[in-house]
Amino acid sequence: MSDLRLPTGPVDLTRHATDATPGFTAGKSEGKQALADLGEELSDLQERLFAEGRSGFSRSVLLVLQGMDTSGKGGVLRHTVGLIDPQGVRITSFKAPTDEERRHHFLWRIRRAVPEPGYVGVFDRSHYEDVLVARVHSLVEPRTVESRYGQINEFEAELVESGTVVLKCMLHISPDTQKERLAERLANPAKHWKYNPGDLDERALWPTYREAYEIALERTNTEVAPWYVVPSDRKWYRNLAVGRLLLDTLRYLNPQWPAADFDVAAEQRRLAEEEPVR
């Protein structure tokens with residue numbers, strides 16, 4: 001899925017189609033089946049990674065999902081991340097910081113949620129809120145926001161150095177698609193719980209958010225932790241694209257079953273020779 005990787009340099013999100021399907025020429029039903037077909041290999045590789053972590057290896061994966069409201073972070077969690085064994089997954093949904101979190105450095109709560117060895121960690125929203133919402137709403141001084149881009153790059157470089165692959169996906173939707181999805185939530189009582197009247201206030205700031213995203217993407221699109229811009233108007237393609245990126249990441253790690261740290265043949269003999277259990 002290299003065609004989704006964001007090139008280095010200035011970012012103009014208006015030049016990235018939100019309804020495109022790069023790398024996939026078939027339609028919705030075929031896309032859903034293609035995602036399902038990833039499940040077996042994804043699950044196998046994730047289990048191998050989990051086994052490695054239980055055996056002293058330090059590698060892990062951090063999937064960062066960032067996007068405007070209704071871009072589909074929850075859908076990716078259900079349909080894509082849901083393909084792998086939940087025992088090896090840690091999902092963290094970052095909300096507005098608590099009073100305790102505000103007393104610490106902005107990365108304090110993020111560091112506490114970094115995946116342990118062997119795990120696939122998922123951030124539903126992330127440390128990028130501290131250069132997106134903070135910038136749009138002037139929650140901190142502009143110079144503070146400016147300093148955070150470099151701190152984020154250093155933090156992510158530390159993660160990579162310690163064995164965590166950082167996979168960052170910006171779920172890119174159009175304002176028209178967001179309006180449709182908000183209307184669907186309002187029309188369906190079963191989805192009213194997802195709706196927040198404040199969503200419309202945030203939507204009014206769309207151009208400001210786009211600019212904040214463009215700046216953040218440009219400043220933090222590094223060689224060790226690049227950004228992938230995932231067209232997300234088509235839910236099925238969004239789920240498939242993230243699934244393929246996750247599979248590519250696990251293939252790159254190529255985790256192996258750890259060798260036994262005991263005498264297998266001796267244990268087989270012991271098991272065969274034991275007295276029947278009554």
task: Might you let me know whether segment 206-225 holds any residue that is within 21 Å of L63 (Cβ to Cβ), touching a Lys or Arg at 6+ places or on another chain (Cβ under 7 Å) and at pLDDT 95 or above?
output: yes
- request: Quick one: P207 ticks every box in (1) assigned to a loop (DSSP other than H, G, I, E, B); (2) more than 18 Å from I84 (Cβ to Cβ) except a single one, so which number is it?
  value: (1)
message: Among the listed residues D248, D263, identify the single one that is open to solvent by 30 Å² or more (accessible area, probe 1.4 Å) and under 22 Å from V76 (Cα atoms).
response: D248
message: Against the condition assigned to a helix (DSSP H, G or I), of a type outside the set (A, V, I, L, M, F, W, C) and either in contact (Cβ under 8 Å) with a residue 24 or more places away in the chain or touching a Phe, Trp or Tyr at 6+ places or on another chain (Cβ under 9 Å) (or both), how does Y237 come out, does it pass?
response: yes
E47 in a loop (DSSP other than H, G, I, E, B), more than 23 Å from E202 (Cα to Cα) and either more than 13 Å from the chain's Cα centre (by Cα) or of a type in the set (G, A, S) (or both): no
message: E202 - would you say it is part of a helix (DSSP H, G or I) and either buried (at least 20 other Cβ atoms within 10 Å of the Cβ) or free of Cβ contacts under 8 Å to residues at least 24 places away in the same chain (or both)?
response: no
message: So if I check each of K95, K32, which one is within 18 Å of the chain's Cα centre (by Cα) and at negative phi?
response: K95
message: What's the number of the only condition in (1) open to solvent by 90 Å² or more (accessible area, probe 1.4 Å); (2) in a helix (DSSP H, G or I); (3) under 27 Å from R148 (Cβ atoms); (4) out of contact with any helix residue (DSSP H, G or I) (no Cβ under 9 Å at 6 or more places or on another chain) that D176 fails to meet?
response: (3)
- request: Report, by residue number, each residue of segment 3-15 that is open to solvent by 40 Å² or more (accessible area, probe 1.4 Å) and within 28 Å of L253 (Cβ to Cβ).
  value: D3, R5, P7, T8
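The values are calculated or read from the model by the stated rules, or taken from the named source; none is laboratory data. This one's a predicted model, so the numbers in the text were calculated from it and none came from an experiment. Positions of Cβ are backbone-derived with ideal geometry, glycine not excepted, and every protein chain shown enters the neighbour counts. SASA here: full protein model, heavy atoms, side chains in, ligands and nucleic acids out. Shrake-Rupley method; radii C 1.70, N 1.55, O 1.52, S 1.80 Å.
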